[in-house]
1. What does the accessible area per residue of the protein assembly as shown come to in Å², with a 1.4 Å probe and no ligands, DNA or RNA counted?
2. With both bridge residues required to lie in chain B, what share of the DSSP beta bridges run antiparallel, to the nearest 5%?
3. Please list, short to long, the whole-number percent of alpha-carbon pairs of the protein assembly as shown in consecutive 10 angstrom bins beginning at zero.
4. Would you compute, for the Cα atoms of the range B:48-107, the largest minus smallest coordinate along each principal axis and list the three values in descending order, in whole Å?
5. Heads up, I need the accessible area for residue B:83: 1.4 angstrom probe, whole protein in place, Å², nearest 10.
6. If you wrap the range B:1-51's Cα atoms in a convex hull and average its projection over all directions, what's the area in nm²?
7. Which sequence of B:95, A:30 reflects their accessible areas, 1.4 Å probe, from the largest down?
8. Tell me, what % of the accessible area of the protein assembly as shown is carbon and sulfur with a 1.4 angstrom probe?
Amino acid sequence: KAGVTQTPRYLIKTRGQQVTLSCSPISGHRSVSWYQQTPGQGLQFLFEYFSETQRNKGNFPGRFSGRQFSNSRSEMNVSTLELGDSALYLCASSLALGEADTQYFGPGTRLTVL
Amino acid sequence: AQSVTQLDSHVSVSEGTPVLLRCNYSSSYSPSLFWYVQHPNKGLQLLLKYTSAATLVKGINGFEAEFKKSETSFHLTKPSAHMSDAAEYFCVALRGGSQGNLIFGKGTKLSVKP
């Protein structure tokens, strides 16, 4: 069974631009969560989607948004990029909502904002 | 509020010697706790999890962790380090209630010397 895939793996943008990251969960998994990893703040929860609806949200500004499609694939969007948005963005999938203890993580998308 | 503290940001051991990575948690109730490992340019992989069954939890690759409620600790150990164990390790708590997302420690980077 294929694992969680994230595209692209690396991305370079400039301040003020917007970016969209994609995550394909493991087949059959319906919940997708997003995390931001930075050297200063560590790993922080962004949001969780299930059945095309955002179910949980971390403490991030409204510039960070996401969506989930009917096939459970998810996208994350960051608008008006700031230097501090440079990070590794990790996606994780699980069978159902709230099953954080059985999440499988993708390799991440490394975003660099110049 | 729940929190997780990893007591060492960096641990260095020699190959064949024991590994100890320390983690303390703060919670008003017995939490679900996990250890994840992250190899360079790879996603997070679950090593083991504690969910209030046995206090000594065995994981993959020879790692184990012991939940000690009296000390609010969940330290990760391995009897004999291997070069392939060099990675970053995260102690993680599962947030209670309906949110179901993960709270990560800051991480401990393990170096293994030949």
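The values are calculated or read from the model by the stated rules, or taken from the named source; none is laboratory data. Fair warning: this is a prediction, and the values are worked out from it, not measured in the lab. Heads up, the Cβs are rebuilt from the backbone with ideal geometry, glycines too, and the neighbour counts pull from every protein chain shown. Side chains are part of the model used for accessible areas, which takes the heavy atoms of the whole protein and leaves out ligands, DNA and RNA. Shrake-Rupley method; radii C 1.70, N 1.55, O 1.52, S 1.80 Å.
1. Numbers: 10730 Å² over 228 residues.
So the protein assembly as shown comes to 47 Å² accessible per residue, rounded to a whole number.
2. Values: 35 of 40 bridges.
Here the antiparallel bridges make up roughly 90 percent for chain B.
3. For the protein assembly as shown, the pair-distance distribution reads 8, 33, 35, 20, 5, 0.
4. Sorted largest first, the three principal extents are 39, 22, 19 Å.
5. My reading of the accessible area for residue B:83 is about 80 Å².
6. Numbers: hull surface 19.4 nm².
With the hull built on Cα positions only, its mean projection is 4.8 nm².
7. A:30, B:95
8. That fraction is 50 percent.
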